[in-house]
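Asks: One structure follows; several queries about it will come next.
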């Protein structure tokens, strides 16, 4: 009796699963639940998220794009500013929560275009698995918690690809509209504009009105991005979309790689190195692209990609050609940043939908070999979720430590004017200053319209071999205090931690243990008079 009921229940579950809307809803709810479980409450936005947060706040306060603030990829913070303007709160952290929550929602909603994209290649039930692969991919989950551009960029990029694969010209026309929105979020999306036009021409070259239709698509694209370009030009004198392509990556390659002019402060291209810079860039780009391409396949896609690639190439139709060209085109920005020595996997996330398509092809083929296809599908989905949770738990940071680190940074910014990097905890310094001065946001100086001008300066000690040289050369840069932790990435800071009596010119001003925190960060004020006297006499 129980066995019969269980079998009926299982059949009922699979009957529900066959309904794509129900399946996507369940997958979306589980994906949302996982993201909320790992939501970093008590911890503010950091790194690139600070720029988007600050820009959005100022935009919402002023009711327009900030004047003389040339932030590239400002489509996301402009979108965010609309929510900030109607958000009824005065709490700084709640605004950062809103930013994170919006990227979480967008990330979960991306299962819809991923499902639709996969359904162009496989049966709907396997397209559901493709959507599950995306929403449970651990790096996508982590990225969705950062409050930055990728979730919106991926949503619009994947939607554009899905629409472009349609056979209907009206739908393809809409794809150029969504592609334009994608470009407003991140200007790298502009790279897809010409491949889309070329593929459209090849697909419909026998159409007598092909030229008119191409001109219409070009018109829709540029009419969509024009308002943002004009608004940016009016506010900053720069269009913010076309110009960064040439001023950013193109200018860097020409000036610092091809012509060999050193880029001050760049860890790789900042010195007058004798080696061929073009060769260095090409080798770094190739090695790192291959390395990170392989790395991002773990844990979600690795088992499915090899078979799926073979199956994809067997199709040999316009859809296969399109997604391959999409993937190759979107590898160009990744190759560029890896060639510069920037080692982050997020530049590869835009090709994850291609991985989902390839993996769903592989899973469909594998399932055909088994009689209990439903059971295989269920096992695969459960395996995807479990592998994701294991990966996330392995990568999970100590939230209690991160909260303390942020609160300590708030104390430090109230005291110091210029400090050293004390990685990794100094990442909270700038956002802590914003929190202390909330709702006032530091703006870029007039002479540099991109980076915000913070009151507290962070001066890197990494190029110095001794504390004496670091302090001596950093005085004019605004160094006022030395901040150290128990384990520092600079050796001479470790000596201060264990032998502070050897440094009479360092006056202790702050110890986190005295303020009830569980881990120790100490801050010393530099007495430059005592510093000079000490080294005169020694």
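Asks: State which residue pairs qualify: first residue within 23 Å of residue 407 (Cα to Cα) and inside segment 486-515, second residue in a helix (DSSP H, G or I) in any location, beta carbons under 6 Å apart, and separation of 6 or more residues or different chains.
Replies: Once the first residue is within 23 Å of residue 407 (Cα to Cα) and sits in segment 486-515, its partners that are in a helix (DSSP H, G or I) give 488/494; 512/408.
Asks: Inside segment 85-108, can you point out the residues that are closer than 12 Å to residue 439 by Cα and in contact (Cβ under 8 Å) with a residue 24 or more places away in the chain?
Replies: Quick first cut of segment 85-108, residues closer than 12 Å to residue 439 by Cα only: 89-93, 95.
Matches in segment 85-108: 90, 92, 93, 95.
Asks: In segment 358-374, is there at least one residue being under 25 Å from residue 148 (Cβ atoms) and within 24 Å of the chain's Cα centre (by Cα)?
Replies: Here is the first cut: in segment 358-374, the ones under 25 Å from residue 148 (Cβ atoms) are none.
Among the residues of segment 358-374, not one is under 25 Å from residue 148 (Cβ atoms) and within 24 Å of the chain's Cα centre (by Cα), which makes the answer no.
Asks: Moving on to the next point. Go through the residues of segment 89-102 one by one and say whether even a single one is out of contact with any helix residue (DSSP H, G or I) (no Cβ under 6 Å at 6 or more places or on another chain) and under 30 Å from residue 124 (Cα atoms).
Replies: Yes, segment 89-102 has at least one match.
Asks: Out of 173, 216, 161, report the one residue that is assigned by TED's automatic domain parsing to the domain that holds residue 81, touching a helix residue (DSSP H, G or I) at 6+ places or on another chain (Cβ under 7 Å), within 28 Å of residue 250 (Cα to Cα) and part of a helix (DSSP H, G or I).
Replies: On inspection, the qualifying residue turns out to be 161.
Asks: Next up: Return only the number of the condition from (1) farther than 14 Å from residue 118 by Cα; (2) modelled with pLDDT of 95 or more; (3) touching a helix residue (DSSP H, G or I) at 6+ places or on another chain (Cβ under 7 Å) that residue 360 does not satisfy.
Replies: For residue 360, the failing item is (1).
Asks: For the condition under 27 Å from the mean Cα position of the chain (by Cα) and over 24 Å from residue 111 (Cβ atoms), what is the one hit in 326, 335?
Replies: Working: 326 fails: over 24 Å from residue 111 (Cβ atoms).
Only one candidate passes the filter, namely 335.
Asks: If you don't mind, there's one more thing I want to ask. For residue 342, are the conditions met, namely being over 29 Å from residue 124 (Cβ atoms), at pLDDT 95 or above and surrounded by fewer than 20 Cβ atoms within 10 Å (Cβ to Cβ)?
Replies: No, not satisfied.
Asks: Here is a follow-up. Test residue 123 against the stated conditions and say whether it is at pLDDT below 95 and either assigned by TED's automatic domain parsing to the domain that holds residue 403 or under 25 Å from residue 226 (Cβ atoms) (or both).
Replies: Numbers: at pLDDT below 95: yes; either assigned by TED's automatic domain parsing to the domain that holds residue 403 or under 25 Å from residue 226 (Cβ atoms) (or both): no.
No; evaluated as a whole, the condition is false for this residue.
Asks: In segment 475-492, what residues are at pLDDT 95 or above and closer than 13 Å to residue 421 by Cβ?
Replies: 479, 481, 482, 483, 484
To keep it simple, each residue is scored yes or no on (1) touching a helix residue (DSSP H, G or I) at 6+ places or on another chain (Cβ under 7 Å); (2) outside the structural domain of residue 47 (by TED's automatic domain parsing); (3) surrounded by fewer than 16 Cβ atoms within 10 Å (Cβ to Cβ).
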{"site": "388", "(1), (2), (3)": "yes, no, no"}
{"site": "405", "(1), (2), (3)": "yes, yes, no"}
{"site": "418", "(1), (2), (3)": "no, yes, no"}
{"site": "422", "(1), (2), (3)": "no, yes, no"}
{"site": "426", "(1), (2), (3)": "no, yes, no"}
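Asks: From 319, 371, which residue is without any contact (Cβ under 8 Å) to a residue 24 or more places away in the chain, out of contact with any helix residue (DSSP H, G or I) (no Cβ under 7 Å at 6 or more places or on another chain), surrounded by fewer than 20 Cβ atoms within 10 Å (Cβ to Cβ) and in the same structural domain as residue 114 (by TED's automatic domain parsing)?
Replies: Sole residue among the options that is without any contact (Cβ under 8 Å) to a residue 24 or more places away in the chain, out of contact with any helix residue (DSSP H, G or I) (no Cβ under 7 Å at 6 or more places or on another chain), surrounded by fewer than 20 Cβ atoms within 10 Å (Cβ to Cβ) and in the same structural domain as residue 114 (by TED's automatic domain parsing): 371.
Asks: With the condition being loosely packed, with under 14 Cβ neighbours inside 10 Å, I'd like the strands (runs of 3 or more DSSP E) fully within segment 475-538 carrying at least 1 qualifying residues. So that I can check it myself, show each step before the final result.
Replies: Values: elements: 481-485, 506-511, 521-526.
Output list reads 506-511.
Asks: Among (1) in contact with a helix residue (DSSP H, G or I) (Cβ under 7 Å, 6 or more places away or on another chain); (2) farther than 29 Å from residue 164 by Cα; (3) assigned to a loop (DSSP other than H, G, I, E, B), which single condition is residue 297 missing?
Replies: (2)
Asks: Tell me, please, whether a residue that is part of a loop (DSSP other than H, G, I, E, B) and either at pLDDT 95 or above or over 19 Å from residue 61 (Cβ atoms) (or both) can be found in segment 430-438.
Replies: Yes: segment 430-438 contains one or more residues that are part of a loop (DSSP other than H, G, I, E, B) and either at pLDDT 95 or above or over 19 Å from residue 61 (Cβ atoms) (or both).
Asks: Quick check on residue 47: is it on the phi > 0 side of the Ramachandran plot and either at pLDDT below 95 or outside the structural domain of residue 391 (by TED's automatic domain parsing) (or both)? Can you show your working first?
Replies: On the way: on the phi > 0 side of the Ramachandran plot: yes; either at pLDDT below 95 or outside the structural domain of residue 391 (by TED's automatic domain parsing) (or both): yes.
For residue 47, the condition - on the phi > 0 side of the Ramachandran plot and either at pLDDT below 95 or outside the structural domain of residue 391 (by TED's automatic domain parsing) (or both) - is met.
Asks: Answer with yes or no whether residue 456 is within 28 Å of residue 67 (Cα to Cα), crowded, with 17+ Cβ neighbours inside 10 Å and either without any contact (Cβ under 8 Å) to a residue 24 or more places away in the chain or touching a strand residue (DSSP E or B) at 6+ places or on another chain (Cβ under 8 Å) (or both).
Replies: Here the answer is yes, as residue 456 does meet what is asked.
Asks: Identify all residues within segment 184-201 that are part of a helix (DSSP H, G or I) and in contact (Cβ under 8 Å) with a residue 40 or more places away in the chain; write none if there are none.
Replies: 184, 185, 187, 188, 190, 191, 192, 195, 199
Asks: Just one of (1) part of a helix (DSSP H, G or I); (2) surrounded by 14 or more Cβ atoms within 10 Å (Cβ to Cβ) trips up residue 469, so point out which.
Replies: Among (1) part of a helix (DSSP H, G or I); (2) surrounded by 14 or more Cβ atoms within 10 Å (Cβ to Cβ), residue 469 violates only (2).
Asks: Only one of these conditions is not met by residue 68: (1) outside any helix (DSSP H, G or I); (2) modelled with pLDDT of 95 or more. Which number is it?
Replies: With respect to (1) outside any helix (DSSP H, G or I); (2) modelled with pLDDT of 95 or more, residue 68 is out only on (2).
The values are calculated or read from the model by the stated rules, or taken from the named source; none is laboratory data. Every value quoted in this text rests on a predicted model; they were computed, and no experiment measured them. Note that each Cβ is placed from the backbone with ideal geometry, even for glycine, and that neighbours are counted across all protein chains shown.
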